[in-house]
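To keep things clear, I will list the structure first and then write my remarks on it.
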Amino acid sequence: MPSPTESAPLWGRLATCGRLAIGLHIYTKTALVFLLAALATLALNQHFTPHFPDATLRLALSFSLVQITATITLALYLIAQRSFTRFQKNIHDQLRPALQENITALAFSGQAWPATVPKQGPARQVLEECLSTALSGLRDSNRDRLTQFAWDQGFARQWQQACSSPSRKRAIALLAAVSRPETHALMENALADPDPAIRTEAARALLANADPATADRIFRAVLNESLLIRVLLTADLKRHARLLLSQTIPSVLADSPSQQIVNCLEILSAWKLAIPGFDISPLLDRLEHLPLVVALLPYVQVPDTVEDHLRSALETPDLEVRCAAAHAVGQLKLNALLPTLLPLLNLNARLAAASAKALAQMGPEGERHLQAVLASGDRKASAAAMEALETLAVGVQ
Amino acid sequence: MTGKRVALVGFPPPQAAELTQIIMDAEGFTRPLSPLQVDPASDILKPFELILLDVESSAGTSWTDPEKLAQVQDRCIAVGDVSALRPLASSLSFREYCPRSSSTEELLLRCTLALRPHTHSPQRSAPVGSTVVLADDDTSVTSIVRRALERNGMTCELAATGKDALALITRLKPCAAVLDVHMPTIDGFEVLSRTRSSAELAHTRIILLTGSEQESDVIRGFTLGADDYICKPFNPMELTIRLMRVLGRL
């Protein structure tokens, strides 16, 4: 029988059933409490009949008694729970130093475990906690020793069998730290997990040592993920940028749905990576991708026609395209486009800010124009120019 | 910083190609050259602002003449296994040390930091004593670091929160403190900033423990007056090398 994390789609269905069951359980419990309270009130009401002839008084008294009893019971339950947690914490605190010392000796000098490794109970829990923090904080030979220990003592197997969403996420992170070939298949399956946090963790773990085929597969999968996940994984994907740029990305850009192309271009822009030999010209004709494509122009091998493309982009009615073009002109320091850039300072605030920033990037000539704008008296343009000059003064680009 | 030239000395061709790609992808560097064998006094190395030396290569092991090395050591980063860097760090003084297992981001950050001008502060007194304050809420890691430092003759005091760390630093006036950036109550930056604002603690050298690849944290740390940083996950031996280096005891 496959372990829970190994069969992600099955887990998805089970998790949904679980969530429904928990919801049902909570509603049932609440209804049961109300029912019990009502029954108790009625029983007390019956009991008080000979003593209190007034029905209203009897009912009020019964209801109050039930409420008081319920409050006391709840308070006792909470006190007991808190005491148990404190008791458990005390036991853990007592066990921790010795176990931590053993882990230190093992990680630092490979010293064998001095006694029997706890197999269950609180000591096992504390050992797992210490082991997992040490695994995520150390590297090289120290981590290798702990990894071997985690494997030999069945912790890795225990993590593979994690059930709930948070523990599965933690398990994936720890198995990534253990990094054994035996856990690779599990990581691959976790890429299809219904929980996005687990998918992200698995993708990150796999990308750390991914072969070309895995990097390709993960990149394509990431294109269908939410913006947050794409942002989280952008830096990890960048490690494989050369490989992805040679094969995966051209194929994605040539033959993918529009949204995937947009996501792919966003990742490329976020990498801020020089992409020599990357032919971007076919994309310049596709209007829906134009802002992102224009933003990428400073990073690709600039074709001879780039000035023409940027000039027409600066004159297009689309605000996004114009802003992206202004940024690109600034980054490429295309002084020839100054006459086209300057009128944008007098248009809307966003465009004015983008073109002022571009002028600031263009060196002394751009700076002269910004000074002139400051003196012009146009409030919107002056504000943008002032901000760009301040940015320039503190050296932030 | 634009167009800085980097020489890769002693790296085998596949690794040199990989490093070339990494450096070319970063902003501010030109295409590095990778001579396999070159003498440190050679004219070939003169135009390079930065030299990355594989200390485990035959070129690296031959760079032992202190006189010749003096011409390049202030712009040379030693790259190698931590166990190889440790003895080297005690005999030679390179600008930076970078373990081979470091991430690409860390290597680039070390390169960028090595290109910054030296920031000597002549008023700063030499560290005294052998007490080090280790501040991290993760006790599994501090106990390992403690063992590593105690083997090198240091006395360690542990703090689990920023507030405790600050109290210990103020009371003990240690020669160094290793501060985790993210701690309960007061974070590592705040402890660093308060330590640096006290004239009595000017001699205390501070190393920051940051999450991996948090470049912004590193820059902020140096701005506040940190002497070095180390990224988690880390090798305790590397931390020992960096600590001994900032204490001038290598």
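Structure summary
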| read-out | value |
| --- | --- |
| Checking A:Leu237 against (1) part of a helix (DSSP H, G or I); (2) farther than 22 Å from A:Leu146 by Cβ; (3) more than 15 Å from the chain's Cα centre (by Cα), the condition it does not meet | (3) |
| Yes/no for B:Leu92 being free of Cβ contacts under 8 Å to residues at least 60 places away in the same chain and more than 14 Å from every other protein chain (Cβ to nearest Cβ) | yes |
| When residues of the stretch A:298-321 are limited to those that are of a type in the set (Ser, Thr, Tyr) and either part of a helix (DSSP H, G or I) or open to solvent by less than 10 Å² (accessible area, probe 1.4 Å) (or both), the one nearest to A:Ala349 (Cα to Cα) | A:Ser312 |
| Selection count, the stretch B:103-120, where residues are more than 14 Å from chain A (Cβ to nearest Cβ) and modelled with pLDDT under 80 | 4 |
| Residue in the stretch A:51-71 that is within 44 Å of the chain's Cα centre (by Cα) and hydrophobic (A, V, I, L, M, F, W, C) present | yes |
| Flag for A:Ile280 being touching a strand residue (DSSP E or B) at 6+ places or on another chain (Cβ under 7 Å), hydrophobic (A, V, I, L, M, F, W, C) and within 14 Å of another protein chain (Cβ to nearest Cβ) | no |
| Hits in the stretch A:286-301 - residues which are under 13 Å from A:Val321 (Cβ atoms) and either out of contact with any Asp or Glu (no Cβ under 6 Å at 6 or more places or on another chain) or within 14 Å of chain B (Cβ to nearest Cβ) (or both) | A:Arg286, A:Leu287, A:Glu288, A:His289, A:Leu290, A:Leu292, A:Val293, A:Val294, A:Ala295, A:Leu296, A:Leu297 |
| Candidates A:Leu106, A:Leu127, A:Leu99, A:Leu95, filtered to the one that is out of contact with any His (no Cβ under 7 Å at 6 or more places or on another chain) and touching a residue at least 40 places away in the same chain (Cβ under 8 Å) | A:Leu106 |
| Which numbered condition A:Gly363 fails, given (1) more than 14 Å from chain B (Cβ to nearest Cβ); (2) of a type outside the set (Val, Ile, Thr); (3) loosely packed, with under 14 Cβ neighbours inside 10 Å | (1) |
| Count - residues of the stretch B:190-226 that are modelled with pLDDT of 85 or more and buried (at least 20 other Cβ atoms within 10 Å of the Cβ) | 11 |
| Helices (runs of 4 or more DSSP H) completely within the stretch B:8-70 that count 2 or more residues being more than 14 Å from chain A (Cβ to nearest Cβ) and over 20 Å from B:Gly80 (Cα atoms) | B:66-69 |
| Close pairs (7 angstrom Cβ cut-off, 6 or more residues apart or separate chains): facing another protein chain (nearest Cβ under 7 Å) in the stretch B:135-151, of a type in the set (Ser, Thr, Tyr) and buried (at least 24 other Cβ atoms within 10 Å of the Cβ) anywhere | B:Ser143/A:Thr104; B:Ile144/A:Thr104; B:Arg147/A:Thr104 |
| Qualifying helices (runs of 4 or more DSSP H) (wholly inside the stretch A:132-193; at least 3 residues being within 14 Å of chain B (Cβ to nearest Cβ) and in contact with a Ser or Thr (Cβ under 9 Å, 6 or more places away or on another chain)) | A:140-152, A:165-178 |
| Only listed residue being surrounded by fewer than 22 Cβ atoms within 10 Å (Cβ to Cβ) and modelled with pLDDT under 85, chosen from A:Glu225, A:Glu182 | A:Glu182 |
| Matching entry among A:Ser136, A:Ser132 (being among the hydroxyl-bearing types (Ser, Thr, Tyr) and open to solvent by 30 Å² or more (accessible area, probe 1.4 Å)) | A:Ser136 |
| Test: residue in the stretch A:329-345 that is closer than 22 Å to A:Ile280 by Cβ, at pLDDT below 80 and of a type in the set (A, V, I, L, M) | no |
| Only listed residue being part of a helix (DSSP H, G or I) and farther than 19 Å from A:Ser269 by Cα, chosen from A:Ala353, A:Ala324 | A:Ala353 |
| Any pair with Cβ under 8 angstrom, 6 or more apart, that starts in the stretch B:33-44 at a residue that is modelled with pLDDT of 70 or more and ends at one that is open to solvent by less than 30 Å² (accessible area, probe 1.4 Å) and assigned to a loop (DSSP other than H, G, I, E, B) | B:Leu33/B:Phe48; B:Ser34/B:Phe11; B:Gln37/B:Gly10; B:Pro40/B:Trp63; B:Pro40/B:Val72; B:Ile44/B:Val38 |
| Complete set of residues in the stretch B:71-86 that are open to solvent by 60 Å² or more (accessible area, probe 1.4 Å), within 22 Å of B:Lys4 (Cβ to Cβ) and part of a loop (DSSP other than H, G, I, E, B) | B:Gln71 |
| Residue within the stretch A:263-282 that is open to solvent by 20 Å² or more (accessible area, probe 1.4 Å) and closer than 30 Å to A:Pro181 by Cβ present | no |
| Filtered residues of the stretch B:87-115 (kept if polar (S, T, N, Q), surrounded by fewer than 19 Cβ atoms within 10 Å (Cβ to Cβ) and farther than 19 Å from B:Thr61 by Cα) | B:Ser101, B:Ser103, B:Thr104 |
| Members of the stretch B:230-250 that are at negative phi and not in a helix (DSSP H, G or I) | B:Ile230, B:Cys231, B:Lys232, B:Pro233, B:Phe234, B:Asn235, B:Leu247, B:Arg249, B:Leu250 |
| Selected residue (only one of B:Asp138, B:Asp217 is in contact with a strand residue (DSSP E or B) (Cβ under 9 Å, 6 or more places away or on another chain), among the acidic types (Asp, Glu) and closer than 15 Å to A:Gly137 by Cβ) | B:Asp138 |
| The stretch A:75-112, subset open to solvent by less than 60 Å² (accessible area, probe 1.4 Å) and of a type in the set (Ser, Thr, Tyr), residue farthest from the other protein chains (Cβ to nearest Cβ) | A:Ser109 |
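The values are calculated or read from the model by the stated rules, or taken from the named source; none is laboratory data. These numbers come from a predicted model, not from an experiment. Reconstructed Cβ throughout: ideal geometry from the backbone, glycine too, with neighbour counts over all protein chains shown. Ligands, DNA and RNA are excluded from the accessible area calculation, which covers all protein heavy atoms including side chains. Shrake-Rupley method; radii C 1.70, N 1.55, O 1.52, S 1.80 Å.
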